[in-house]
Amino acid sequence: MNHATTSRSAMKTAAGESDPPQRTIVLAVTGASGSMLAVEMLRALEADARVGLIHLVVSPSALRVLAEETGAGGRHALIEQLLGARSTRISLLAHEDIGASIASGSYPVDAMVVLPCSMGTLAAICHGMANNLIERAADVCLKERRRLVLCVRETPLSLIHLHNMLAATQAGATVFPVVPSFYNHPQSIEEVARNYVHRVLQHIGLPQPGAFTWGAETQNTDRPTDKEQEQN
Ligand SMILES: Cc1cc2nc3c(=O)[nH]c(=O)nc-3n(C[C@H](O)[C@H](O)[C@H](O)COP(=O)(O)O)c2cc1C
C-alpha cells in the first residue's frame, strides 16, 4: 500500500475544500543518547498526513549511537533499518552536504527538530558555526525566524552547557530537554518515548491523536483536592 497516497487522499474534506499546505519538517539526529526517540519521531512524522516531506540528517556520531542503542548498521538503507519499511516522503540528506536544499533560507521549511541534540551540536548551533548540514540548517532556521527545537540530552550539565542553552534560547530556539514525564503513569519505556515525542510535535503545531493531555479524560476525580488535603 502506498502510505503517502493514502494519507494525502484522506486529507480531502467532505466539502471538497482544498487541503492546507503540507508541512516540510527537518529532523536532525546527533550523537547524544536517545536513538529510540528519534525513531519514534520519524515514525510519527511519517504517519502524519499533515506532513508532506521530512528531511532527515544524521551525524556520523549519531550513527555510532544508533548502532549502540538500536543495532542499526550504518547509513545504507537507514530509513528501512529504522522504520522497517521504505518511505516516499523521508529524504535522507548527507551530513556534509552544505549545498542541500535546507542549507538555504530560500527553501521553505516549517520547523526543524534536533532529536537527540548533543552538547557538541548545541554549542555549534548557538555559536553559528554552520560547519555541516545540521548546523547550517539550524542556523538558517534562526536567521529566518523559523521554529527550531533542540532536544538536548546530557547529565549532569556543565556551566558551558547551561550558557549554550541560554544562548540558543536567546537566539530563538526552543530548548526541549529529553526529560520524561511521570504524571501520565507510563507503563513502558516506549510510552515514555512516545509521550515525549508527542510533546515536541505539539510544540511545532502537530498535535497527535491519543496524546496525553493533563485534565482531559485521565483526571483522577477520586484524588483529594488541595483543600480536602488541608482539612484532613
Ligand atoms: C553511546 C554514546 C552516547 C553518547 N551520549 C551523549 C549524550 O547523551 N549527550 C552528548 O552531548 N553527547 C553524547 N555522546 C558524545 C557525542 O556523540 C559526541 O560529543 C559527538 O562528537 C557529537 O557529535 P554530533 O553532535 O556531531 O553528533 C555520546 C557518545 C556515545 C558513543
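Every number here is computed from the coordinates shown, using simple stated rules; none is lab data. Quantities reported herein were computed from a predicted structural model and do not represent experimental measurements. All Cβ positions, even for glycine, are placed from backbone atoms using ideal geometry, and neighbour counts span all protein chains on display.
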- Task: Provide the descending list of Cα extents for the stretch 44-155 along its principal axes, expressed in whole angstroms.
- Result: 36, 35, 25
- Message: Quick one: 3J(HN,Hα) in Hz for the stretch 78-95, Karplus 6.51/-1.76/1.60 with θ = phi - 60°, rounded, Gly and Pro as x.
- Response: 4, 5, 4, 4, 7, 9, x, 7, 6, 9, 8, 10, 9, 10, 8, 9, 6, 4
- Query: Which cross-chain or sequence-distant (5 or more) residues have an amide H under 5 Å from the amide H of residue 28, H modelled 1.01 Å from N in plane?
  - Reply: 57, 113, 114, 115
- Residues in the stretch 30-73 near a label at residue 85, defined as backbone nitrogen under 19 Å from the 7 Å Cα→Cβ point? 38-56
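For the chain, the longest stretch holding no GluC sites (Glu not before Pro) located in a DSSP loop with at most 13 other Cβ atoms within 10 Å is which? Please report the intermediate quantities before stating the final value.
Working: sites that count: 17, 96, 217.
Result for the longest clean stretch: 97-216.
Please state, to two decimals, what the Cα-based radius of gyration of the chain comes to when divided by 2.2 N^0.38 Å (N = residues). Could the numbers behind the result be given before it?
Details: Rg = 19.1 Å, N = 232, 2.2 N^0.38 = 17.4 Å.
Scaled against compact globular proteins, the figure is 1.09.
Output the relative contact order of the stretch 50-93, whole-number percent, from Cα pairs under 8 angstrom with separation of 6+ residues. Present the calculation step by step, with values, prior to reporting the outcome.
Values: 37 pairs, mean separation 21.9, N = 44.
Normalised by residue count, the contact order of the stretch 50-93 is 50 percent.
Just want to confirm a number: the relative contact order over the chain, from Cα pairs under 8 angstrom separated by 6+ residues, in percent. Walk me through the numbers on the way to the answer.
Details: 353 pairs, mean separation 41.3, N = 232.
Relative contact order here is 18 percent.
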- Item | Separation of the residue 70 and residue 183 label points, Cα + 7 Å toward Cβ, nm | 3.0 nm
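Where in the stretch 132-201 are there chymotrypsin sites (Phe, Trp or Tyr not before Pro) that are in a DSSP coil and have at most 14 other Cβ atoms within 10 angstrom of their Cβ? Intermediate values should be presented prior to the final figure.
On the way: sites: 182, 183, 196; in loops: 182, 183.
Sites meeting the loop and neighbour criteria: 182, 183.
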- Item | Charged-residue dipole, Cβ positions (Lys, Arg, Asp, Glu), the chain about Cα centre, Debye nearest 20 | 580 debye
